[in-house]
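Read the structure below first, then the notes.
The values are calculated or read from the model by the stated rules, or taken from the named source; none is laboratory data. Given the structure is predicted, the values throughout are model-derived calculations rather than measurements. Reconstructed Cβ throughout: ideal geometry from the backbone, glycine too, with neighbour counts over all protein chains shown.
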Amino acid sequence: MSKKDNEAMERVRSYMEQQNRPYSVNDIFMNLHKDIGKTAVQKVLDQLVSSGKLREKSYGKQKVYVYDQSHFPSFDENKLKEMDNEIAELNESVKEKEKLTTEVEAKLRGLNSSLTTEEAMKKVAELEEEISTLQNKLSNLQSTTQDLVSKEEKEKIEGESENMNKMWRKRKRMAMDILDAILEGYPKPKKVLLEEIGVETDEDVGVVLKKV
């Protein structure tokens, strides 16, 4: 037998031993990436069957080959049970990892769909500026001498004041929500963040919103 034939036989034998599952000649030919001709594969299989390395089973015109199990050492039942337990534990671990992965992916999708830190900080600045404008307007209205306005004007002003107060609270809540979103990924305390972006809260300037 030539060196090439020996190499082909050893490769097929080694492959069948490692896989330890039934294959047809075409399966083996394809699985070995056609490195060995189909005719050569069939010849090697016949020789391996003759030498007792492989067993052959016919299904109609189709022949299937499998490595002779007598060449493998016998299994210890206790060892098999240990392996089954280990497999069960690994499967459970995989399920936990898959669950964790799903949760992380969901959180990532949420973060990707939310404002970036730069966008959120810009939005906070805009809301704070608007709040400041409303605050000044409200202060001006409150400081107006009551005797200079009619009852109708007073009621109108009070209505506008109430609406502005509600809007103020709404905008403040939006600003705080955005700040809280930034803080989830911000490594420093909230007070430091407010100082860095130049935001003053109502408490900082001693403003108390009117209760509604």
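Applying the criterion of being more than 18 Å from residue 136 (Cα to Cα) and of a type in the set (Val, Ile, Thr) to the residues of region 170-210, the residue that is modelled with the lowest pLDDT is 197. For region 51-83, residues that are modelled with pLDDT of 85 or more, under 14 Å from residue 13 (Cα atoms) and assigned to a loop (DSSP other than H, G, I, E, B) total 4.
Exactly one residue among 88, 40 is surrounded by 10 or more Cβ atoms within 10 Å (Cβ to Cβ), under 19 Å from residue 14 (Cβ atoms) and of a type in the set (A, V, I, L, M, F, W, C), and that residue is 40. Pick from region 92-122 the residues that are surrounded by 10 or more Cβ atoms within 10 Å (Cβ to Cβ) and of a type in the set (S, T, N, Q): which of them is nearest to residue 26 (Cα to Cα)? Checking each candidate, the answer is 93.
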